[in-house]
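Novice: Here it is, the structure, as C-alpha cells.
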Amino acid sequence: MRSFIAERLQQVKPSATISIADKAKQLKAEGKDIIDLSGGDPHFPTPQHIVQAAFEAINRGETHYSPSRGTPNLLRAIQKKFASENGLEYSLEEIIVTPGGKHAIYATLVATVNDGDEVLLLSPAWVSYEPSVYLAGGRPVYIPLEPEDYRITPEILRSVEAPRAKVLIFNTPNNPTGRVATREEIEAVAEFAIERDLLVISDELYEKILFDGHEHISIATLPGMRERTVTINGVSKSYAMTGWRLGYLAAPRQIASQVLKVHQHSVTAAATFTQEAAACALEGPQDVVEYMVKEYEKNRALVVEALNAIPGIECKAPEGAFYAFPKVDGDSIKFADAMLEKAGVALTPGIAFGPTGEGHVRISFATDYNLLEKAFDRMKRAVVGR
C-alpha cells in the first residue's frame with residue numbers, strides 16, 4: 001500500500017517546546033512535582049479590563065464570523081499602534097489579524113515561498129521557523145551566529161551560500177537568546193536584504209519586553225525596507241494573552257492581498273470576541289505591560305545570579321524577551337533530560353533552536369519568583385550531586 005503521508009512532513013519534527021511542556025504536564029498529572037520552565041507562557045493572568053472587553057463583546061452577541069481580515073475596530077487599533085509606536089504607516093488593507101503570531105508567519109511563508117526557495121534563519125532561531133518553511137515547500141538555511149554574543153555582522157550574513165534565497169526571518173528581541181538587535185545590526189540586515197533582493201519577515205512579538213534601556217527598532221522603518229518587509233506582531237507575550245490566540249501582520253499591499261488568500265482558505269478569521277479584547281489591550285492602559293516587564297526584570301536578576309552559581313553553567317543577562325539561554329556542559333538534550341529526571345525541572349534543549357543552540361538550554365523566567373528560586377535550588381543540587 002502506498003504511503004498516504006506527504007513527503008514534506010518527513011522533514012518536520014514535532015515542536016520541541018510543546019513536546020516538553022506536554023511531558024511536564026503528564027508528569028504532573030502522575031503526581032510528580034514538576035517545575036516547567038520550558039514554555040513561553042507568561043504566568044500573569046490576562047489584565048481584567050481586557051477580559052471584561054471580551055465578556056462584553058460576547059454579551060453583545062459578537063460570536064459570529066468577523067471579516068476575514070479582522071474587525072474594523074481592531075484593524076484601526078493596530079494601524080494606530082504601528083504609527084505611534086513603530087513609526088510605520090499602513091492602510092487597513094495592508095493589515096491582517098490572525099489566530100496567533102505563528103499563523104501569521106506560516107501564512108506569509110505559504111504566500112511567498114515557491115518549492116525549493118531558500119529561507120534564511122539566523123541561528124539560534126525559534127523552533128517553529130524551520131518546520132514552517134518546510135510546510136511551505138521551502139528549504140531552511142541557517143546562518144550561524146557566534147555563541148559568545150550572537151551578534152549580527154555583514155561578514156556573517158554574506159558568508160551564507162544560498163543561491164535560491166528569497167526570504168530572511170528576523171527576530172528581535174530574540175527567542176531564545178534574549179538578544180536585542182542594535183541599530184547597527186538591523187542596518188546590516190537591511191543592507192543584506194536589499195543586496196540579495198530578499199523579503200524580510202520581521203518577528204516582533206517581544207518588542208515591549210526590554211531591559212537596561214534597550215530600544216526596539218522595526219526594520220521596516222529603514223530606507224528601502226517597507227516594501228520588502230512583513231512585520232509580525234501580536235498580543236500574546238506583552239499582554240499575557242497566549243491562550244487568546246491573536247496575532248497580526250502588516251505588509252505591502254501586493255503581499256498582504258496574497259497572504260489574505262491563505263488566511264481565508266485555512267482559518268477564515270480570528271475569533272470575534274478575542275479581537276475585541278485585543279483592541280482593548282492595544283488602546284487601553286499600558287501600565288499593565290510596564291508592571292509585568294518590571295517583574296520580569298526582577299526574575300531576570302535572579303536567573304542570571306542563580307544559574308552562574310551552578311557549576312558548569314554560564315549565563316549572560318538577556319536584553320529582552322523573558323528567556324535565558326545559558327551555556328551548559330555537554331549535550332543539551334541529555335542535560336535537559338537529566339534536569340527533568342533528577343530535579344523535576346523542565347527546560348528546552350538548545351539544539352531545538354538550530355545548530356548554534358547546542359550546548360545551551362532555554363529557560364523561561366515568565367513565572368513566579370519563588371518558583372524560580374525553588375527550581376534553581378533543585379538544579380544546583382542535581383548538578384553537584386547532593
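Readers should treat all values here as calculations from the given coordinates under stated rules, not as data from a laboratory. Here the structure is a predicted model, which is why all the values come from computation and not from measurement. No Cβ is skipped: glycine too gets one built from the backbone with ideal geometry, and neighbour counts run over all protein chains shown.
Novice: Can you tell me the Rg and the Dmax, both Å, for the Cα atoms in segment 64-283?
Specialist: Rg and Dmax of segment 64-283, Cα atoms, are 16.4, 51 Å.
Novice: Continuing with this model, one more query. Could you grab the relative contact order for the chain? Cα pairs under 8 Å, six or more apart, rounded to a whole percent.
Specialist: 24 percent
Novice: Now a separate question. What 222 nm value per residue comes from the helices of the chain, counting each DSSP H run with n ≥ 4 as -39,500 (n - 2.57) and dividing by all residues, nearest 500 deg cm²/dmol?
Specialist: Helices in the chain give a 222 nm mean residue ellipticity of -11500 deg cm²/dmol.
Novice: Enumerate the calculated ³J(HN,Hα) couplings along segment 112-125 in order (Karplus 6.51 cos²θ - 1.76 cosθ + 1.60, θ = phi - 60°), each rounded to whole Hz, writing x wherever the residue is Gly or Pro.
Specialist: Taking θ as phi minus 60°, the curve returns 10, 9, 8, 3, x, 4, 9, 10, 8, 10, 6, 9, x, 9 Hz for segment 112-125.
Novice: Choose one answer from Thr274, Thr177, Thr112: the residue with the largest mean-square fluctuation in a GNM of the chain with alpha-carbon springs under 10 Å.
Specialist: Thr112
Novice: Do any trypsin sites (Lys or Arg not before Pro) in segment 24-126 lie in a loop, going by DSSP, with at most 14 other beta-carbon atoms within 10 Å of their beta carbon, and if so which?
Specialist: Here the sparse-neighbourhood loop sites are Lys32, Arg60.
Novice: If you take the square roots of the eigenvalues of the alpha-carbon gyration tensor of segment 240-322 and sort them as a ≥ b ≥ c, do you get rounded (a/c under 1.5), prolate (a/b over b/c) or oblate?
Specialist: prolate
Novice: If the chain between Asp377 and Ser3 were fully stretched, how many nm would it gain, using 0.36 nm times the residue separation less the Cα-Cα distance?
Specialist: 129.7 nm
Novice: Also, quick follow-up: Could you give the size of the charge dipole of the chain about its Cα centre, using +1 on the Cβ of each K and R and -1 on the Cβ of each D and E, expressed in debye and rounded to the nearest 20?
Specialist: I would put it at about 980 debye.
Novice: Still on this structure, please answer the following. Evaluate the relative contact order of segment 74-198 (contact order divided by residue number), counting alpha-carbon pairs under 8 angstrom at least 6 apart; express in whole percent.
Specialist: 21 percent
Novice: Of Ala162, Ala136, Asn175, which is farthest towards the positive pole of segment 128-182's charge dipole, taken about the Cα centre with +1 and -1 on the beta-carbons of Lys, Arg and Asp, Glu respectively?
Specialist: Sorting the options by dipole projection puts first Ala136.
Novice: For segment 242-248, just list the computed ³J(HN,Hα) in residue order, Karplus coefficients 6.51, -1.76 and 1.60, θ = phi - 60°, integers in Hz, with x standing in for Gly and Pro.
Specialist: 4, x, 7, 6, 9, x, 7
Novice: How big is the Cα convex hull of the chain in projection, averaged over all directions, in nm²?
Specialist: About 20.4 nm², averaged over all directions.
Novice: Could you work out the relative contact order of segment 64-283, using alpha carbon pairs under 8 angstrom and six or more residues apart, expressed as a whole percent?
Specialist: 29 percent
Novice: For Leu222, enumerate residues with amide H under 5 Å from its amide H, sequence gap 5+ or separate chain, H modeled in the peptide plane.
Specialist: HN-HN under 5 Å from Leu222: empty list.
Novice: I've got another one for you. Considering amide H positions built from the backbone, and no H for Pro or chain starts, which residues 5 or more places from Leu199, or on another chain, come under 5 Å of its amide H?
Specialist: Val167, Leu168
Novice: What residue among Trp244, Thr153, Val303 has its Cα farthest toward the positive end of the dipole of the chain, where the charges are +1 on Lys, Arg and -1 on Asp, Glu, each on the Cβ?
Specialist: Trp244
Novice: Sticking with this structure for a sec: Return the long-range amide H neighbours of Leu122 (sequence gap of 5 or more, or a different chain), with a cut-off of under 5 Å between placed amide H atoms.
Specialist: Hits under the 5 Å cutoff: Ile143, Ile169.
Novice: GNM, the chain, Cα, under 10 Å: largest mean-square fluctuation among Ala278, Ala29, Ala309?
Specialist: Between Ala278, Ala29, Ala309, it is Ala29 that shows the largest mean-square fluctuation.
Novice: Could you go through segment 302-313 in sequence order and give the Karplus-derived ³J(HN,Hα) for each residue, using 6.51 cos²θ - 1.76 cosθ + 1.60 with θ = phi - 60°, rounded to whole Hz, and x for Gly and Pro?
Specialist: 5, 4, 4, 5, 5, 5, 5, 8, 8, x, x, 10
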